[in-house]
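Colleague: Dropping the structure in here first, questions after.
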């Protein structure tokens, strides 16, 4: 029987509500117990102080698929994972899971702190449904993967958080479950181990369905082939377009913070972004949408004090991970300015080759020095605009290179 395209996880209209107050929650619990005995059900209605942690979520996941589950803190991701793992029951909807389920959804979850790492391997393997013989065949590979052999016979309560993650992931991954649930716990591990885990997930995807929760979008982009973006318990994006889900995730965190500095001799009055026809681009959502590889102009209006000497302008482009990925220096174009008072400076970028995504634009006005010293910063603003680059569907890198490609004929032997 071919099971390569088998649906391993099916979620239908799943909902879960919680109460914000413990005393009220206990009272509701008693009332619900009585209602259930009487055959009554009001699970779809919210009562005072209740809220939906998960609301009407539906999706299917097949063997060989990895679902990237993303959203802000409190979006409902962990609640959904706990329902899938059978730790809590939903108030509405249905979950169908086939095969063995491995889960790494809380740091140290499933470990008995007074038992050794080795003993916990056998405990967790048994919980997953493996026999002692099957675990015996895997135990050395688990210890090697976790890289904690010298501590494997020490009680887990003495392990660091990183060691617990190593052991937990090693058990979940090496036992090769049919369904693997992974929460943000990998963030605790060091860079080398995280890369090792991602590689292992890629190997498991041949025979496993994976649900991967992370706030690190490059990791999600690397391994997920399906995406579920949640917001306050609800589904915003669900499907195969991972790039769109990640884009929408970043848009939900529009950056309005800024750092403003300088010696005050130059004041930034306004900023305009213009297209190739010199028409201003205005977007009421706060993001200026620019098309990849098109030409755009930046126009700033300044109030410049008479004490200012020669100056130059620098635009910086910051990605969603707060990394400066590009600069646009007037000095590189041999443009140095001397005008004082009310000044407008227009500059043009011939090809906006930033990759698809969201960027923050900053600007600084700097003193020109004849020596090699840096000079004063007259004005600095780290966030004068937020831009969204569209028009390119491939890749997640900040810069997309364009060049010539040729198919060469193989030399005959």
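Colleague: Which condition from (1) modelled with pLDDT of 85 or more; (2) outside the structural domain of residue 360 (by the TED database); (3) out of contact with any helix residue (DSSP H, G or I) (no Cβ under 6 Å at 6 or more places or on another chain); (4) surrounded by 16 or more Cβ atoms within 10 Å (Cβ to Cβ) is the one that residue 224 breaks?
Modeller: Exception for residue 224: condition (3).
Colleague: Answer yes or no: is there a residue in segment 334-341 that is within 36 Å of the chain's Cα centre (by Cα) and either free of Cβ contacts under 8 Å to residues at least 60 places away in the same chain or more than 19 Å from residue 383 (Cα to Cα) (or both). Quick ask: steps written out before the conclusion?
Modeller: Looking only at segment 334-341, we keep the residues that are within 36 Å of the chain's Cα centre (by Cα), and these are none.
No, because not a single residue in segment 334-341 is within 36 Å of the chain's Cα centre (by Cα) and either free of Cβ contacts under 8 Å to residues at least 60 places away in the same chain or more than 19 Å from residue 383 (Cα to Cα) (or both).
Colleague: So, in segment 73-93, of the ones that are at positive phi and assigned to a loop (DSSP other than H, G, I, E, B), which residue ends up surrounded by the most Cβ atoms within 10 Å (Cβ to Cβ)? Don't jump to the end; show me each part of the working.
Modeller: Taking segment 73-93 as the starting set, the residues that turn out to be at positive phi are 74, 76, 86, 93.
If we keep only those that are assigned to a loop (DSSP other than H, G, I, E, B) too, we end up with 74, 76, 86.
Values: 74: 13, 76: 24, 86: 11.
Residue satisfying both the conditions and the ranking: 76.
Colleague: I would also like to ask the following. Just a yes or no: is a residue in segment 305-312 under 23 Å from the mean Cα position of the chain (by Cα), on the phi < 0 side of the Ramachandran plot and either assigned to a strand (DSSP E or B) or surrounded by 13 or more Cβ atoms within 10 Å (Cβ to Cβ) (or both)? Spell out the reasoning first.
Modeller: Restricting attention to segment 305-312, the residues satisfying the condition of being under 23 Å from the mean Cα position of the chain (by Cα) are none.
Within segment 305-312, none of the residues are under 23 Å from the mean Cα position of the chain (by Cα), on the phi < 0 side of the Ramachandran plot and either assigned to a strand (DSSP E or B) or surrounded by 13 or more Cβ atoms within 10 Å (Cβ to Cβ) (or both).
Colleague: Would segment 108-129 turn up any residue that is over 18 Å from residue 174 (Cβ atoms), in the same structural domain as residue 166 (by the TED database) and not in a loop (DSSP other than H, G, I, E, B)?
Modeller: no
Colleague: Could you list, in sequence order, the residues of segment 341-365 that are over 17 Å from residue 273 (Cα atoms) and buried (at least 17 other Cβ atoms within 10 Å of the Cβ)?
Modeller: Of segment 341-365, the ones over 17 Å from residue 273 (Cα atoms) are 341-342, 355-357, 365.
Listed by number, the residues that qualify are 355, 356, 357, 365.
Yes/no per residue for (1) touching a strand residue (DSSP E or B) at 6+ places or on another chain (Cβ under 9 Å); (2) modelled with pLDDT of 85 or more; (3) over 14 Å from residue 181 (Cα atoms); (4) not assigned by the TED database to the domain that holds residue 228:
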{"site": "22", "(1), (2), (3), (4)": "no, no, yes, no"}
{"site": "46", "(1), (2), (3), (4)": "yes, no, yes, no"}
{"site": "65", "(1), (2), (3), (4)": "yes, yes, no, no"}
{"site": "72", "(1), (2), (3), (4)": "yes, yes, yes, no"}
{"site": "93", "(1), (2), (3), (4)": "yes, yes, yes, no"}
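Colleague: Given 121, 70, which one is touching a residue at least 40 places away in the same chain (Cβ under 8 Å), over 30 Å from residue 226 (Cβ atoms) and surrounded by 17 or more Cβ atoms within 10 Å (Cβ to Cβ)?
Modeller: From the options 121, 70, the qualifying one is 121.
The values are calculated or read from the model by the stated rules, or taken from the named source; none is laboratory data. For clarity, every value in this text was computed on a predicted model and none was experimentally measured. In this analysis, Cβ positions are derived from the backbone assuming ideal geometry, glycine residues included, and neighbour counts consider all displayed protein chains.
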